[in-house]
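Chemist: Just passing along the structure, written as structure tokens.
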Amino acid sequence: MKVHVVTSSNRHLYDAEMIEFFRVRHAIYVEEKQWREDAGTGMEVDQFDTERAVYLLGIDGDEIIAGSRLLSTMVPHMLSEVFPTTCRFTGVVRRPDVAEWTRGFVVKEHRHGPIKAQICAAVMEYCLSERISWVGGIQDGYWLPFWRRMGWTVVPIGQPEMVGGRRCFSAYMEVTQQALESARRQGNLDRSNLVHNGPREPFILSDEPDRAAGSTKLPLRINQRASLEYIRDMLLELRDMAGTSRLPAITYFIEMALMEASDTVRLNHQVEKAREESPVMQAARAITGRRLA
């Protein structure tokens with residue numbers, strides 16, 4: 001699979017592919033997931049498919065089998081306009097070096113092979129080339145264990161919400177060379193799978209401050225109190241689930257609790273002592289059988 005980068009500058013080279021891309025999105029987001037009502041066009045297009053959107057089209061032969069959309073957080077995007085309440089820990093992030101990653105998909109026939117990792121590798125490679133520091137947004141919860149297996153640094157920025165009957169959460173992944181290499185290993189890639197045809201368009205515009213320039217990369221600012229309160233709420237829900245058959249939900253909440261605790265401590269070492277002495281964290285260790293680090 002080759003992943004083609006499509007922007008407003010070279011979209012005229014991909015007219016047929018973009019029509020097919022929106023048709024595949026319709027099959028997945030309208031017919032399969034039922035996240036949106038059917039508009040009767042056979043294509044899934046929303047208000048964030050704008051001139052600033054960057055599309056990554058995973059093409060195998062003449063078939064689109066995977067895809068993603070990236071959008072600058074400096075313009076209206078899905079988190080800012082539709083899911084701002086899922087950004088409890090940070091508020092809505094608006095930075096030129098932070099990209100929103102939405103409408104990611106892999107067609108059914110390829111969901112149990114290397115394609116998922118290959119599209120992730122393409123996203124990381126593109127972000128690195130454009131000096132993007134963080135990429136993410138509202139995500140389906142099934143991606144969480146996959147990212148953790150790849151060793152990606154994932155920072156949740158709020159509590160999960162149910163979207164179309166599925167548990168989704170907002171998070172950003174740190175863009176690093178290590179993340180790219182890990183995704184390539186998972187996807188059985190030994191070289192780039194990214195394709196640029198025609199004129200290129202920078203993701204960070206010239207009139208936007210380039211926070212990713214040079215070697216400095218600003219971390220996401222996490223509201224520590226909100227994050228720890230959320231860990232508490234998750235553990236309370238875990239307690240209420242104990243003794244029931246809701247094992248997938250329990251596993252999900254343990255994953256989230258571990259990730260929240262780890263990222264909170266990594267971003268603010270001053271929380272460490274209070275966290276270790278907290279009855280909430282003692283309960284977490286008792287439930288998970290391991291020290292949270």
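The values are calculated or read from the model by the stated rules, or taken from the named source; none is laboratory data. Keep in mind that what you see is a predicted model, and the values were worked out from it rather than measured. Ideal geometry is used to build each Cβ from the backbone, glycine not excepted, and the neighbour counts take in all protein chains shown.
Chemist: Might you check whether a residue that is farther than 16 Å from LEU194 by Cα and buried (at least 20 other Cβ atoms within 10 Å of the Cβ) occurs anywhere in region 59-67?
Modeler: No; the residues of region 59-67 include none that is farther than 16 Å from LEU194 by Cα and buried (at least 20 other Cβ atoms within 10 Å of the Cβ).
Chemist: Are any of the residues in region 8-17 buried (at least 20 other Cβ atoms within 10 Å of the Cβ) and more than 22 Å from the chain's Cα centre (by Cα)? If you could, list the steps in order and put the result at the bottom.
Modeler: Just the residues of region 8-17 that are buried (at least 20 other Cβ atoms within 10 Å of the Cβ), to begin with: 14.
So of that shortlist, the ones also more than 22 Å from the chain's Cα centre (by Cα) come out as 14.
Checked against the condition, which is being buried (at least 20 other Cβ atoms within 10 Å of the Cβ) and more than 22 Å from the chain's Cα centre (by Cα), region 8-17 yields at least one hit.
Chemist: Quick one: is ARG103 within 19 Å of VAL24 (Cβ to Cβ), crowded, with 18+ Cβ neighbours inside 10 Å, assigned by TED's automatic domain parsing to the domain that holds GLU161 and of a type outside the set (Val, Ile, Thr)?
Modeler: Details: within 19 Å of VAL24 (Cβ to Cβ): yes; crowded, with 18+ Cβ neighbours inside 10 Å: yes; assigned by TED's automatic domain parsing to the domain that holds GLU161: yes; of a type outside the set (Val, Ile, Thr): yes.
When the stated conditions are applied, ARG103 passes them.
Chemist: From the list GLY141, GLY113, GLY104, GLY136, pick out the single residue that is over 12 Å from ALA183 (Cβ atoms) and without any contact (Cβ under 8 Å) to a residue 24 or more places away in the chain.
Modeler: GLY113
Chemist: Out of the residues in region 22-39 meeting the condition of being of a type outside the set (A, V, I, L, M, F, W, C) and under 21 Å from ALA53 (Cα atoms), tell me which one is modelled with the lowest pLDDT. Give the steps one after another, and end with the answer.
Modeler: To start, the set of residues in region 22-39 that are of a type outside the set (A, V, I, L, M, F, W, C) comprises 23, 25-26, 29, 31-34, 36-38.
Next, only the ones that are under 21 Å from ALA53 (Cα atoms) stay: 23, 25-26, 29, 36.
Details: ARG23: 97, ARG25: 96, HIS26: 96, TYR29: 92, ARG36: 88.
That would be ARG36.
Chemist: Would you check if PRO156 is under 14 Å from the mean Cα position of the chain (by Cα), surrounded by 16 or more Cβ atoms within 10 Å (Cβ to Cβ) and assigned by TED's automatic domain parsing to the domain that holds VAL24? Show your work before the answer.
Modeler: Values: under 14 Å from the mean Cα position of the chain (by Cα): yes; surrounded by 16 or more Cβ atoms within 10 Å (Cβ to Cβ): yes; assigned by TED's automatic domain parsing to the domain that holds VAL24: yes.
It is true that PRO156 is under 14 Å from the mean Cα position of the chain (by Cα), surrounded by 16 or more Cβ atoms within 10 Å (Cβ to Cβ) and assigned by TED's automatic domain parsing to the domain that holds VAL24.
Chemist: Could we say that GLU37 is surrounded by fewer than 18 Cβ atoms within 10 Å (Cβ to Cβ), of a type in the set (D, E, K, R), more than 16 Å from GLY136 (Cα to Cα) and touching a residue at least 12 places away in the same chain (Cβ under 8 Å) here? Break it down stepwise before answering.
Modeler: Details: surrounded by fewer than 18 Cβ atoms within 10 Å (Cβ to Cβ): yes; of a type in the set (D, E, K, R): yes; more than 16 Å from GLY136 (Cα to Cα): yes; touching a residue at least 12 places away in the same chain (Cβ under 8 Å): no.
No.
Chemist: Pairs please, first residue from region 180-209 and in contact (Cβ under 8 Å) with a residue 60 or more places away in the chain and within 23 Å of PRO96 (Cα to Cα), second anywhere and surrounded by fewer than 19 Cβ atoms within 10 Å (Cβ to Cβ) and among the basic types (Lys, Arg), Cβ atoms under 7 Å, 6+ apart in sequence or on different chains.
Modeler: Close Cβ pairs satisfying both conditions: ILE204/ARG131.
Chemist: Follow-up question, since we're still on this one. Considering only region 58-107, state which residues are in a strand (DSSP E or B) and small (Gly, Ala, Ser).
Modeler: Passing the criteria: GLY58, ALA66, GLY67, SER68, SER72, ALA99, GLY104.
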